[in-house]
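Participant: This structure is in structure tokens; I'll ask about it shortly.
The values are calculated or read from the model by the stated rules, or taken from the named source; none is laboratory data. A quick note: this is a predicted structure, and the numbers were derived from the prediction, not measured. Every residue, glycine among them, receives a Cβ derived from its backbone with ideal geometry; neighbour counts consider all protein chains shown. Heads up: the accessible areas ignore ligands, DNA and RNA and are worked out on the full protein's heavy atoms, side chains in. Shrake-Rupley method; radii C 1.70, N 1.55, O 1.52, S 1.80 Å.
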Amino acid sequence: MSITVENIYKSYGDARAVAGIDLVVPDGHMVVLLGPSGCGKTTTMRCIAGLETPDSGRIMIDGRPVFDSASGIDVAVNKRNVGMVFQSYAIWPHMTVFENVAFPLTMQGIGGTELQERTFEALEQVGLADYAKRGSSALSGGQMQRVALARSLVMRPAVLLFDEPLSNLDARLRDRLRVQLRELQVELKITGIYVTHDQQEALALADQIVVMEQGKILQIGDPVDIYQNPKSSHIAEFLGYSNIFPLASIEEADGLRRIEIREGGRRLVAAAGYSVPDGEDAAICVRPDDISIQHVADGSAPPESGNTFVGRVTLASFLGSHMLYRVRDDDDAVWEVLSKDISRDITVGSRAALTIHADAIKVLPVR
Ligand code: ATP
């Protein structure tokens with residue numbers, strides 16, 4: 001099973017929602033569409049499902065064209081063999097878990113042993129076979145989500161489309177369910193597309209991430225690659241690089257790059273990498289977990305040298321496994337630091353030294 005999308009365009013009146021999307025989802029892979037609200041993720045997915053008709057382009061599911069503007073093919077939604085899991089799971093509270101999952105089969109006139117077998121198979125796949133007789137209103141949010149997944153799986157779809165299915169859940173449940181969903185997807189070899197604007201969710205679930213903006217694809221890559229090598233500061237920002245400063249100048253000598261930040265003029269050393277063409281706007285991008293932080297006692301000499309500098313702590317927020325700090329340096333630039341070292345000395349108002357390894361500083365084009 002696979003999905004191929006070729007050069008899809010879709011406008012609503014004058015507004016272009018999707019502007020030339022190409023993507024391939026290989027068999028058993030999960031591709032996540034990641035991007036800000038309004039970037040065209042849902043429209044792309046609805047075009048694949050057949051809920052929207054693209055203006056032009058071609059879509060194939062399992063090698064079969066389901067939409068092709070050139071040859072006038074437009075297969076109806078219920079003939080595309082696509083399952084969908086939405087944000088609102090639309091579980092009927094007056095039905096049992098079994099009845100909810102069996103519902104699409106009933107609609108298709110399937111009954112008897114086939115209905116029993118297929119419904120139990122789907123319930124087993126999501127680990128809910130023991131809940132078959134339970135009323136659906138007596139389920140947790142996570143269980144309801146699994147019922148919704150089972151109800152899609154019962155149709156044995158070629159592909160599954162997920163539209164922010166976890167976004168209505170509280171943070172802890174969401175974290176747990178995203179791992180479970182990834183486990184299930186890998187185990188059942190589901191070929192799917194998942195839409196989200198949450199970078200953590202995208203990184204955790206995807207074989208490939210497609211970063212979108214204004215109806216276009218900005219970057220495609222596997223989660224590790226895309227996280228480590230964003231193509232622009234704009235994408236970096238979206239992936240959680242919270243230290244982004246415009247670049248003023250860059251000088252290369254002896255394999256090192258001396259860079260200067262425009263605001264405040266701080267000079268740092270970065271490892272080699274992207275060369276900024278003349279006249280192009282660039283930025284330096286550093287992930288908060290790539291900066292180390294140390295307490296500096298008041299009155300002691302600041303350890304300023306190379307990529308180490310001192311600032312004043314403006315935020316110290318305990319996140320359980322990490323501390324999140326904000327530190328304002330002498331040039332008034334504010335740095336965000338995520339540290340595993342939980343030091344009680346680093347408090348708001350205290351001084352701290354930040355060190356950034358040259359390899360952790362990325363110089364990237366703004367767009
Ligand atoms: P979100 O994360 O908020 O759901 P999205 O990335 O999924 O956003 P889409 O829902 O695909 O974005 O919308 C893309 C653009 O198309 C937006 O500007 C939106 O306002 C517009 N749009 C979507 N559906 C319609 C519609 N039925 N009529 C008119 N404009 C629409």
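Participant: Solvent-accessible area of ARG46, probe 1.4 Å, all protein chains present, reported in Å² to the nearest ten, please.
Facilitator: Using a 1.4 Å probe on the heavy atoms, I get roughly 80 Å².
Participant: Roughly how many percent of the accessible protein surface of the chain is carbon and sulfur, given a 1.4 Å probe and a whole-percent answer? Display every interim value, and only then the final one.
Facilitator: Details: 8420 of 17450 Å².
Summing carbon and sulfur atoms, their accessible area is 48 percent of the total for the chain.
Participant: Compute the accessible area per residue over the chain, keeping the other protein chains in place, probe 1.4 Å, unit Å².
Facilitator: Working: 17450 Å² over 367 residues.
Heavy-atom SASA per residue in the chain reads 48 Å².
Participant: Something else about it: Rounded to the nearest Å, what's the spacing between the alpha carbon centres of the stretch 212-270 and the stretch 50-117? Just the number, please.
Facilitator: Taking the Cα centre of each part, the stretch 212-270 and the stretch 50-117 sit 42 Å apart.
Participant: While we're looking at this one, here's another question. Could you tell me which of rounded, prolate or oblate describes the stretch 108-238, using a ≥ b ≥ c as the square roots of the eigenvalues of the alpha-carbon gyration tensor, with rounded for a/c under 1.5 and, failing that, prolate when a/b is larger than b/c and oblate otherwise?
Facilitator: Working: a/c = 2.77, a/b = 2.02, b/c = 1.37.
Prolate, since a/c reaches 1.5 and a/b exceeds b/c.
Participant: Sort ARG146, ARG257, ARG178 by heavy-atom solvent-accessible area, probe 1.4 angstrom, most to least.
Facilitator: Values: ARG146 60, ARG257 5, ARG178 25 Å².
I get ARG146, ARG178, ARG257, largest accessible area first.
Participant: Just report the Cα centroid separation between the stretch 288-367 and the stretch 136-154, whole Å.
Facilitator: 44
Participant: Each label point is 7 Å from the Cα along the Cα-to-Cβ direction; what then is the distance between the points at LEU319 and TRP92, in nm?
Facilitator: 4.4
Participant: Going by the alpha-carbon gyration tensor, a ≥ b ≥ c the square roots of its eigenvalues, is the chain rounded (a/c under 1.5) or, if a/c is not under 1.5, prolate (a/b greater than b/c) versus oblate? Show your work: numbers first, answer last.
Facilitator: On the way: a/c = 3.26, a/b = 1.74, b/c = 1.87.
It comes out oblate by the Cα gyration axes.
Participant: Could you rank ASP331, ASP341 by how accessible they are, 1.4 Å probe, largest area first? Working shown, then result.
Facilitator: Working: ASP331 55, ASP341 105 Å².
Heavy-atom accessible area, descending, gives ASP341, ASP331.
Participant: Here's something else I'd like to know. Could you work out the helix-only [θ] at 222 nm for the chain, with each DSSP H run of four or more residues adding -39,500 (n - 2.57) and the total divided by the number of residues, to the nearest 500 deg cm²/dmol? Each step should come with its number before you reach the end.
Facilitator: On the way: 8 runs with 83 residues, N = 367.
Rounded to the nearest 500, it is -6500 deg cm²/dmol.
Participant: Continuing with this model, one more query. At a Cα cut-off below 27 Å, give the lysines reachable from LYS216, other chains included and same-chain residues fewer than 8 away excluded.
Facilitator: The qualifying lysines are LYS10, LYS41, LYS231, LYS362.
Participant: Now a separate question. Relative contact order of the chain, please, whole-number percent, based on alpha carbon pairs below 8 angstrom and at least 6 residues apart.
Facilitator: 16
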